[in-house]
Amino acid sequence: MQKKSLSGLSVLDLLYDSPPYASYFRRLPVLETRDLILRPLNKADADDLFAWQSDAEVARYVLWQPHQSVAESREYVRGMRSLYRRGLPSSWGIVKRSSGRVVGSVGVMWISAENRSAEVGYSLARPYWNRGYMTQALSAVLRSLFEDLDLNRVEGQCDIRNPASGRVMEKCGMRLEGVLRGRIFNKGEFIDTALYAAVRNR
């Protein structure tokens, strides 16, 4: 649980309340690839989000449970927009250019100004798996984090039972650094995760 300061701000609020990170997340940049547009989420996206956030296969290896209603997806959007307003690490909606639909998300889980490092995470609707879309999206995010925020290291981790996620990170230039045994307790069990990272100029 986050600790509260006398001002009512959390420790995380204070940590990220300095440029360039806070201003970056408050005005999350729109990123474009050949097939995709990455942009902040808005209230109108809830139906699109529910279409894949309710899919148990999409949620199988991530830390959130399948959404049970559109209202739950609306609450997710409200939470994300709160992060934008506070300048905290948050996610882009992944929009398919040809349809205008939000088919996934990719974002920053945490960021350290002291170490100039961050962690990324992502999810994608099942009909778009194995078509190169997530590689496009993650590559765009990594480029922005390194160029716009001048980070030195960006890492990501995935359940070792989900090698497809590891292949996405490898295609984006992230290297496998090892397996973290029992790293995360998720959906009733301790999970071994594979740790990947990209380091600036290496």
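The values are calculated or read from the model by the stated rules, or taken from the named source; none is laboratory data. Since the structure is predicted, the reported quantities are computational estimates derived from the model, not experimental observations. A quick note on method: Cβ atoms are made from the backbone with ideal geometry, for glycine too, and the neighbour counts reach across all protein chains shown.
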Report task. Identify, from the list ASP148, ASP159, the residue that is loosely packed, with under 14 Cβ neighbours inside 10 Å, acidic (Asp, Glu) and farther than 15 Å from GLY104 by Cβ. Result -> ASP148
Query raised in the report: Residues of the range 106-121 being acidic (Asp, Glu) and surrounded by 17 or more Cβ atoms within 10 Å (Cβ to Cβ), which ones?
Result: GLU119
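Can you pull out every residue in the range 34-59 that is basic (Lys, Arg) and exposed (fewer than 13 other Cβ atoms within 10 Å of the Cβ)? Working first, answer last.
The initial filter retains those residues of the range 34-59 that are basic (Lys, Arg), namely 34, 39, 43.
Scanning the range 34-59 gives ARG34, LYS43.
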Query raised in the report: Applying the selection to the range 163-185, what residues are farther than 29 Å from TYR24 by Cα and surrounded by 16 or more Cβ atoms within 10 Å (Cβ to Cβ)?
Result: ARG183
Report summary line: Of those in the range 87-97 that are more than 15 Å from VAL141 (Cβ to Cβ) and in contact with a Phe, Trp or Tyr (Cβ under 8 Å, 6 or more places away or on another chain), the residue surrounded by the fewest Cβ atoms within 10 Å (Cβ to Cβ) is LYS96
Query raised in the report: Looking at the range 44-58, is at least one residue of a type in the set (Gly, Ala, Ser), in contact with a Phe, Trp or Tyr (Cβ under 9 Å, 6 or more places away or on another chain) and at pLDDT 95 or above?
Result: yes
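Specify which of the listed residues (VAL141, VAL154, VAL103) is surrounded by 14 or more Cβ atoms within 10 Å (Cβ to Cβ), under 17 Å from LEU28 (Cα atoms) and of a type outside the set (Lys, Arg).
Details: VAL154 fails: under 17 Å from LEU28 (Cα atoms); VAL103 fails: under 17 Å from LEU28 (Cα atoms).
From the options VAL141, VAL154, VAL103, the qualifying one is VAL141.
Matching residues to (1) in contact with a helix residue (DSSP H, G or I) (Cβ under 7 Å, 6 or more places away or on another chain); (2) assigned to a helix (DSSP H, G or I):
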| site | (1), (2) |
| --- | --- |
| ASP45 | yes, yes |
| PRO89 | yes, no |
| VAL95 | no, no |
| GLY100 | no, no |
Query raised in the report: Restricting attention to the range 24-33, does a residue exist that is surrounded by 16 or more Cβ atoms within 10 Å (Cβ to Cβ), in a strand (DSSP E or B) and either modelled with pLDDT under 95 or not polar (S, T, N, Q) (or both)?
Result: yes
Query - Odd one out for GLN136, checked against (1) in contact with a Phe, Trp or Tyr (Cβ under 9 Å, 6 or more places away or on another chain); (2) farther than 22 Å from SER23 by Cβ; (3) touching a residue at least 60 places away in the same chain (Cβ under 8 Å) - result: (1)
Query raised in the report: Since TYR76 meets every condition but one in (1) without any contact (Cβ under 8 Å) to a residue 40 or more places away in the chain; (2) surrounded by 16 or more Cβ atoms within 10 Å (Cβ to Cβ); (3) touching a Lys or Arg at 6+ places or on another chain (Cβ under 9 Å); (4) not aliphatic (A, V, I, L, M), which condition does it not meet?
Result: (3)
